[in-house]
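What follows is a short report on a single structure.
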Amino acid sequence: MKGTIEAEGKYNDLLKSHLAELSSMEDAESGGDFDSMEEIPDEKAESKKREASQLPEDLKAKQDLIKKEREEVQQKGAVGWSAYIAYFTAGFGYLGVIVVIVLFIAAQTMTISADYWLSIWSNLEEEFENKQKQIKSCLQNLETQNVNCTQILFDIDSNTDPSSINLIYDDRERSYKIYLTLVCIAFFVVSVRSVAFFMLCVKNSKNTYQKLFASVRDTTIRFFDLNPIGRILNRFSKDTNNMDEMLTLYLYEFCQILMVIVGALVVPISVNPWMLLPLIPLGLAFYVIQKYFVSTARELKRLDNIGRSPIFVHTNTSIEGISTIRAASKGQLLTSEFYSHYDYHTRAYFGFFVVHRWFGLRLDFLCSLYTIMTLFACIFLRDNLGLKSGQIGLLMVYLFQLFDLFQWCVVLSTMVENLMTSIERIVEYT
């Protein structure tokens, strides 16, 4: 369909012709009656004033609409599941995600199995050594042996030389082979898990970027009219860098530490089920603090991302108009505006950092409280629960891991969600 030129000329001439056209339409509607023509002038004057005042209002409304469309939209609340699904399924679909999750679970299971077998091995060593010491003690005191020695030496020749009693666990080689096999399997599964995870992330990032590029390349010209070049560059520079580098590394470390923390919670509970009782109130306290922290940190990160776009826009426009700026001696004014944009971005970034420290202090307190309660319970309830030294050692190892890694895991989860805001911004353009 071909367009037509309705009118040409200056703005004031076109405005007058527009009002004249409205007047002629009113005259035609009046039927050309002489009486009515005499009554029209006052109404025509009022109509002209009304149209003249209405036209700027319409123009102002259109300008406000265009300004609103030009503003960058700040998302509210948690990152939508659509952003997660769009990113994680961009490479190999849901099958790739399921395979990686299974590999993470399998790797942590094999790691726990190796540690658990090590505790069983240490218990067997201790039991064997204690038994051999009792046999040696009974052989050295045959004349004063009691009922216990009679039971201990039931299968032992009384003429055996006490010095020939072996205190070293005779099945140590088999236990060592089992432990070595479990460690090798765990190492293999962890290696496969790492390769599969990074392959998935690389494929996801590549396909997501290709979608972004294709969408911007094939979009309408109005898109570039409404979105400044700095805002588009922010997607292709900082947001893409977050997706390619930061998100992949932080996401892998978060998933790895999360599996360790799950094991650190499951192992103590399996050794001492009573540890589930203090975990419930501490878990509720952690949930309340974490929910407050994540919502605050997420919005600060969004302000950080949005506050970066004006810096790009200002820098780009300043470089393009540098000759005009110097000719008009407005360099100081542009410098002040740049500092204003930069201060806005820095305030959001500093607030994001302070919130992390606030959360870390409270999380350290909760982890310390749970560790102290668990250790004292195991020490005082050792005889009642029938805990062995190997089990207590395993429990202490995982508890200290929980103390060191729990805060870092929550920080990583927040950083991953904050970096997912970059994915959210990229998906917005796709």
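The values are calculated or read from the model by the stated rules, or taken from the named source; none is laboratory data. Every value quoted in this text rests on a predicted model; they were computed, and no experiment measured them. All Cβ positions, glycine included, derive from the backbone under ideal geometry; neighbour counts span all protein chains shown. We work out accessible area using only protein heavy atoms, side chains counted, and drop any ligands, DNA or RNA first. Shrake-Rupley method; radii C 1.70, N 1.55, O 1.52, S 1.80 Å.
Rolled with a 1.4 Å probe across the full set of protein chains, the surface gives Phe406 an accessible area near 40 Å².
Surface composition of segment 273-386: carbon and sulfur make up 70 percent of the accessible area, probe 1.4 Å. Maximal additional length on extending the Phe400-Leu375 stretch stands at 8.0 nm, based on 0.36 nm per residue less the C-alpha distance.
Pop the C-beta distance of Thr317 and Lys211 into the FRET formula with R0 = 35 Å and round what comes out to the nearest 0.05. The partial results should precede the final answer.
Numbers: r = 28 Å, r/R0 = 0.81.
Step by step, r from the Cβ atoms, then E = 0.80.
Which FRET efficiency value, to the nearest 0.05, do you get for Leu387 and Leu180 by plugging their Cβ-Cβ distance into 1/(1 + (r/R0)^6) with R0 = 25 Å? Calculated value: 0.40.
For Ile105 and Ser194, what does the FRET efficiency come to when R0 = 22 Å and r is the distance between their Cβ atoms, rounded to the nearest 0.05?
Details: r = 14 Å, r/R0 = 0.66.
For Ile105 and Ser194, the calculated efficiency is 0.95.
In segment 172-250, what percent of the accessible surface is made up of carbon and sulfur (1.4 Å probe, ligands and nucleic acids excluded)? For segment 172-250, the apolar C and S fraction of the accessible surface comes to 69 percent.
Per residue, segment 240-321 exposes 46 Å² of solvent-accessible protein surface, assessed with a 1.4 angstrom probe and all protein chains in place. For Thr219, the accessible area of its heavy atoms, probed at 1.4 Å with every protein chain present, is near 50 square angstrom. Between Glu337 and Glu8, the modelled labels are 3.6 nm apart [label points 7 Å from Cα along Cα→Cβ].
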